[in-house]
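Q: The structure's right below; bear with me while I get my questions together.
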Amino acid sequence: MGPPPARQRRGLGHARETAATAQGAHASPGTSVAGGKTYDTEIYCDGACEPNPGDAGSGMAIYRDGKLAELWYGLYNPAGTNNTAELNALRQALLVAQEEIARDASVRIHCDSTYTINAITKWAGGWKKRGWKKADGQPIKNPEIIQPTYALYESLKSKVTIAHVKGHSGVEGNELADRMAMYGADRKERDFVRYPGDYTVADILKLRRG
(Lines give C-alpha, C1' and ligand atoms only; values in the text may rest on other atoms or scores of the structure.)
Protein backbone atom coordinates (compact mmCIF):
# COMPACT_ATOMS: atom_id res chain seq x y z
CA MET A 1 0.00 0.00 0.00
CA GLY A 2 1.07 3.56 -0.56
CA PRO A 3 -1.10 5.88 1.54
CA PRO A 4 -0.70 9.65 1.28
CA PRO A 5 1.69 11.27 3.75
CA ALA A 6 0.36 11.21 7.30
CA ARG A 7 -0.34 14.43 9.13
CA GLN A 8 2.15 15.12 11.85
CA ARG A 9 1.17 15.17 15.47
CA ARG A 10 0.70 18.81 16.36
CA GLY A 11 2.67 18.63 19.56
CA LEU A 12 2.87 16.70 22.80
CA GLY A 13 -0.10 17.41 25.01
CA HIS A 14 -2.20 18.94 22.22
CA ALA A 15 -5.54 17.44 21.31
CA ARG A 16 -5.27 14.77 18.65
CA GLU A 17 -7.04 15.00 15.32
CA THR A 18 -10.44 13.46 14.75
CA ALA A 19 -10.18 9.68 14.58
CA ALA A 20 -9.64 8.18 11.15
CA THR A 21 -12.29 5.82 9.85
CA ALA A 22 -11.19 2.23 10.28
CA GLN A 23 -13.43 0.35 7.89
CA GLY A 24 -13.92 -3.21 8.99
CA ALA A 25 -12.02 -2.74 12.23
CA HIS A 26 -13.20 -4.66 15.26
CA ALA A 27 -12.39 -4.87 18.93
CA SER A 28 -9.04 -6.40 19.75
CA PRO A 29 -9.56 -9.84 21.30
CA GLY A 30 -9.40 -9.75 25.07
CA THR A 31 -9.00 -5.99 25.41
CA SER A 32 -12.34 -5.01 26.89
CA VAL A 33 -12.28 -6.74 30.25
CA ALA A 34 -9.48 -7.70 32.63
CA GLY A 35 -10.18 -8.97 36.10
CA GLY A 36 -13.77 -7.77 35.82
CA LYS A 37 -12.74 -4.20 34.97
CA THR A 38 -13.58 -2.53 31.69
CA TYR A 39 -11.54 0.27 30.14
CA ASP A 40 -12.76 3.10 27.94
CA THR A 41 -9.45 3.35 26.11
CA GLU A 42 -7.01 0.56 25.30
CA ILE A 43 -3.61 1.52 23.91
CA TYR A 44 -1.20 -0.96 22.32
CA CYS A 45 2.38 0.17 21.83
CA ASP A 46 5.32 -1.58 20.21
CA GLY A 47 8.82 -1.02 18.91
CA ALA A 48 10.72 -2.61 16.04
CA CYS A 49 14.35 -2.59 15.00
CA GLU A 50 15.96 -4.34 12.04
CA PRO A 51 18.80 -5.09 12.34
CA ASN A 52 19.28 -4.65 16.08
CA PRO A 53 20.89 -2.16 16.51
CA GLY A 54 19.83 -0.42 13.33
CA ASP A 55 16.69 1.05 11.78
CA ALA A 56 14.19 1.46 14.61
CA GLY A 57 10.60 2.70 14.74
CA SER A 58 7.68 2.83 17.15
CA GLY A 59 3.98 2.16 16.66
CA MET A 60 0.69 2.45 18.47
CA ALA A 61 -2.93 1.31 18.09
CA ILE A 62 -5.68 3.05 20.06
CA TYR A 63 -9.07 1.49 20.79
CA ARG A 64 -11.96 3.48 22.22
CA ASP A 65 -15.07 1.76 23.50
CA GLY A 66 -13.85 -1.52 22.03
CA LYS A 67 -13.30 -0.21 18.49
CA LEU A 68 -10.10 0.64 16.67
CA ALA A 69 -9.87 4.44 16.52
CA GLU A 70 -6.33 5.49 15.59
CA LEU A 71 -2.97 4.14 14.40
CA TRP A 72 0.34 6.00 14.85
CA TYR A 73 3.90 5.36 13.68
CA GLY A 74 7.35 6.93 13.49
CA LEU A 75 10.21 8.04 15.76
CA TYR A 76 12.68 6.56 13.29
CA ASN A 77 16.22 6.18 14.56
CA PRO A 78 18.88 4.85 12.16
CA ALA A 79 21.00 3.76 15.12
CA GLY A 80 18.25 2.55 17.44
CA THR A 81 17.67 -0.69 19.30
CA ASN A 82 14.66 -2.80 20.19
CA ASN A 83 14.79 -1.33 23.69
CA THR A 84 14.86 2.32 22.58
CA ALA A 85 12.02 1.69 20.14
CA GLU A 86 9.91 0.02 22.84
CA LEU A 87 10.65 2.77 25.36
CA ASN A 88 9.71 5.47 22.86
CA ALA A 89 6.48 3.65 22.09
CA LEU A 90 5.53 3.43 25.77
CA ARG A 91 6.22 7.13 26.24
CA GLN A 92 3.87 7.96 23.38
CA ALA A 93 1.25 5.66 24.86
CA LEU A 94 1.54 7.47 28.19
CA LEU A 95 1.12 10.82 26.45
CA VAL A 96 -2.08 9.56 24.86
CA ALA A 97 -3.18 8.15 28.22
CA GLN A 98 -2.66 11.58 29.76
CA GLU A 99 -5.06 13.10 27.23
CA GLU A 100 -7.60 10.32 27.65
CA ILE A 101 -7.51 10.59 31.45
CA ALA A 102 -8.09 14.33 31.13
CA ARG A 103 -11.45 13.55 29.55
CA ASP A 104 -12.26 11.12 32.39
CA ALA A 105 -11.60 7.94 30.40
CA SER A 106 -10.24 4.82 32.06
CA VAL A 107 -7.07 3.69 30.31
CA ARG A 108 -5.01 0.55 29.94
CA ILE A 109 -1.73 0.34 28.03
CA HIS A 110 -0.54 -2.95 26.54
CA CYS A 111 3.19 -3.49 25.94
CA ASP A 112 4.95 -6.71 24.89
CA SER A 113 8.36 -5.71 26.28
CA THR A 114 8.91 -6.87 29.86
CA TYR A 115 12.15 -4.86 29.93
CA THR A 116 10.29 -1.66 29.11
CA ILE A 117 7.51 -2.28 31.63
CA ASN A 118 9.96 -3.16 34.39
CA ALA A 119 12.33 -0.30 33.58
CA ILE A 120 9.60 2.29 33.96
CA THR A 121 7.32 0.77 36.62
CA LYS A 122 9.84 -1.05 38.85
CA TRP A 123 13.47 -0.07 38.31
CA ALA A 124 13.46 3.63 37.45
CA GLY A 125 12.60 4.73 40.99
CA GLY A 126 15.76 3.13 42.34
CA TRP A 127 17.84 4.41 39.45
CA LYS A 128 16.64 7.94 40.12
CA LYS A 129 17.56 7.73 43.82
CA ARG A 130 21.07 6.66 42.82
CA GLY A 131 21.49 9.52 40.35
CA TRP A 132 20.32 7.42 37.40
CA LYS A 133 22.83 4.70 38.08
CA LYS A 134 22.37 0.95 38.46
CA ALA A 135 23.08 -0.88 41.69
CA ASP A 136 26.65 -1.53 40.51
CA GLY A 137 27.23 2.20 40.07
CA GLN A 138 27.20 2.13 36.29
CA PRO A 139 25.06 4.70 34.46
CA ILE A 140 21.81 3.34 33.05
CA LYS A 141 21.33 3.04 29.32
CA ASN A 142 18.87 5.26 27.45
CA PRO A 143 18.45 7.90 30.19
CA GLU A 144 17.21 10.44 27.64
CA ILE A 145 14.12 8.29 27.12
CA ILE A 146 13.74 6.67 30.53
CA GLN A 147 13.86 9.86 32.60
CA PRO A 148 10.96 11.72 30.92
CA THR A 149 8.98 8.50 30.52
CA TYR A 150 9.31 7.70 34.22
CA ALA A 151 8.33 11.25 35.20
CA LEU A 152 5.21 10.95 33.05
CA TYR A 153 4.40 7.52 34.47
CA GLU A 154 4.77 8.80 38.04
CA SER A 155 2.22 11.53 37.33
CA LEU A 156 -0.29 9.02 35.93
CA LYS A 157 0.35 5.72 37.70
CA SER A 158 -2.68 5.93 39.96
CA LYS A 159 -4.94 6.40 36.95
CA VAL A 160 -3.47 4.13 34.28
CA THR A 161 -2.93 0.38 34.05
CA ILE A 162 0.07 -1.03 32.19
CA ALA A 163 -0.27 -4.67 31.16
CA HIS A 164 2.04 -7.13 29.45
CA VAL A 165 0.79 -8.71 26.24
CA LYS A 166 2.56 -11.58 24.53
CA GLY A 167 4.04 -10.40 21.25
CA HIS A 168 3.18 -12.05 17.93
CA SER A 169 0.47 -14.14 19.55
CA GLY A 170 -2.41 -13.00 17.36
CA VAL A 171 -3.71 -10.24 19.64
CA GLU A 172 -5.02 -7.72 17.14
CA GLY A 173 -3.93 -4.54 18.91
CA ASN A 174 -0.40 -5.84 19.41
CA GLU A 175 -0.17 -6.99 15.80
CA LEU A 176 -1.31 -3.58 14.53
CA ALA A 177 1.15 -1.71 16.75
CA ASP A 178 3.89 -4.04 15.51
CA ARG A 179 3.08 -3.24 11.87
CA MET A 180 3.06 0.48 12.64
CA ALA A 181 6.46 0.25 14.33
CA MET A 182 7.96 -1.49 11.32
CA TYR A 183 6.18 0.93 8.97
CA GLY A 184 7.76 3.85 10.80
CA ALA A 185 11.20 2.30 10.47
CA ASP A 186 10.69 1.45 6.79
CA ARG A 187 9.45 4.96 5.92
CA LYS A 188 12.18 6.54 8.04
CA GLU A 189 9.57 8.77 9.67
CA ARG A 190 11.26 10.75 12.44
CA ASP A 191 8.10 12.37 13.79
CA PHE A 192 5.30 10.41 15.42
CA VAL A 193 2.40 10.68 12.99
CA ARG A 194 -1.13 9.47 12.41
CA TYR A 195 -1.72 6.72 9.85
CA PRO A 196 -4.07 8.38 7.36
CA GLY A 197 -7.26 7.62 5.51
CA ASP A 198 -9.68 4.72 5.51
CA TYR A 199 -8.30 1.23 6.05
CA THR A 200 -9.23 -2.19 7.28
CA VAL A 201 -7.45 -4.29 9.88
CA ALA A 202 -6.65 -6.72 7.07
CA ASP A 203 -4.95 -3.91 5.14
CA ILE A 204 -2.66 -3.11 8.05
CA LEU A 205 -1.85 -6.73 8.80
CA LYS A 206 -0.50 -7.07 5.26
CA LEU A 207 2.30 -4.62 6.12
CA ARG A 208 5.71 -5.96 7.09
CA ARG A 209 6.01 -7.49 10.55
CA GLY A 210 8.56 -6.31 13.07
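The values are calculated or read from the model by the stated rules, or taken from the named source; none is laboratory data. The model shown is predicted, which means the values in this text are computed figures rather than measured ones. All Cβ positions, even for glycine, are placed from backbone atoms using ideal geometry, and neighbour counts span all protein chains on display.
Q: Counting only residues that are surrounded by 14 or more Cβ atoms within 10 Å (Cβ to Cβ), over 20 Å from N82 (Cβ atoms) and without any contact (Cβ under 8 Å) to a residue 12 or more places away in the chain, how many does the range 131-149 have?
A: Counting residues in the range 131-149 that are surrounded by 14 or more Cβ atoms within 10 Å (Cβ to Cβ), over 20 Å from N82 (Cβ atoms) and without any contact (Cβ under 8 Å) to a residue 12 or more places away in the chain gives 1.
Q: Suppose we filter Y73, Y115, Y63 for residues that are of a type outside the set (A, V, I, L, M, F, W, C), within 22 Å of Y39 (Cα to Cα) and either out of contact with any strand residue (DSSP E or B) (no Cβ under 7 Å at 6 or more places or on another chain) or in a strand (DSSP E or B) (or both); which single one remains? Outline the logic, then answer.
A: Values: Y73 fails: within 22 Å of Y39 (Cα to Cα); Y115 fails: within 22 Å of Y39 (Cα to Cα).
Among Y73, Y115, Y63, only Y63 is of a type outside the set (A, V, I, L, M, F, W, C), within 22 Å of Y39 (Cα to Cα) and either out of contact with any strand residue (DSSP E or B) (no Cβ under 7 Å at 6 or more places or on another chain) or in a strand (DSSP E or B) (or both).
Q: Exactly one condition in (1) under 13 Å from the mean Cα position of the chain (by Cα); (2) assigned to a strand (DSSP E or B); (3) surrounded by 20 or more Cβ atoms within 10 Å (Cβ to Cβ); (4) not basic (K, R) is not met by A85; state its number.
A: A85 satisfies all of (1) under 13 Å from the mean Cα position of the chain (by Cα); (2) assigned to a strand (DSSP E or B); (3) surrounded by 20 or more Cβ atoms within 10 Å (Cβ to Cβ); (4) not basic (K, R) except (2).
Q: Here's a follow-up. Got a sec? Which of G59, G66, G74 is modelled with pLDDT of 95 or more and out of contact with any Asp or Glu (no Cβ under 7 Å at 6 or more places or on another chain)? Before you say what the answer is, go through the steps one by one.
A: Details: G59 fails: out of contact with any Asp or Glu (no Cβ under 7 Å at 6 or more places or on another chain); G74 fails: out of contact with any Asp or Glu (no Cβ under 7 Å at 6 or more places or on another chain).
Just one listed residue meets the conditions, G66.
Q: When you check W127 against the structure, is it assigned to a helix (DSSP H, G or I), without any contact (Cβ under 8 Å) to a residue 24 or more places away in the chain, touching a Pro at 6+ places or on another chain (Cβ under 9 Å) and not basic (K, R), yes or no?
A: Numbers: assigned to a helix (DSSP H, G or I): yes; without any contact (Cβ under 8 Å) to a residue 24 or more places away in the chain: yes; touching a Pro at 6+ places or on another chain (Cβ under 9 Å): yes; not basic (K, R): yes.
Judged against the criteria, W127 is a match.
Q: Further question: Report every pair of residues separated by at least 6 positions or lying on different chains whose Cβ atoms are under 6 Å apart, first residue within the range 101-121 and touching a residue at least 12 places away in the same chain (Cβ under 8 Å), second in a loop (DSSP other than H, G, I, E, B) and of a type in the set (S, T, Y).
A: If the second residue must be in a loop (DSSP other than H, G, I, E, B) and of a type in the set (S, T, Y), the pairs left are S106/Y39; R108/Y39.
Q: If you take the residues of the range 45-68 that are over 14 Å from the mean Cα position of the chain (by Cα) and more than 18 Å from E189 (Cβ to Cβ), which of them is surrounded by the fewest Cβ atoms within 10 Å (Cβ to Cβ)?
A: P51
Q: Which one is nearest to the chain's Cα centre (by Cα) among residues in the range 178-210 that are part of a helix (DSSP H, G or I) and either on the phi > 0 side of the Ramachandran plot or of a type in the set (K, R) (or both)? If you could, list the steps in order and put the result at the bottom.
A: Initial filter on the range 178-210 (part of a helix (DSSP H, G or I)): 178-187, 201-205.
After this cut, where a residue has to be either on the phi > 0 side of the Ramachandran plot or of a type in the set (K, R) (or both) as well, the list is 179, 187.
On the way: R179: 12, R187: 18 Å.
Per the criteria, the residue is R179.
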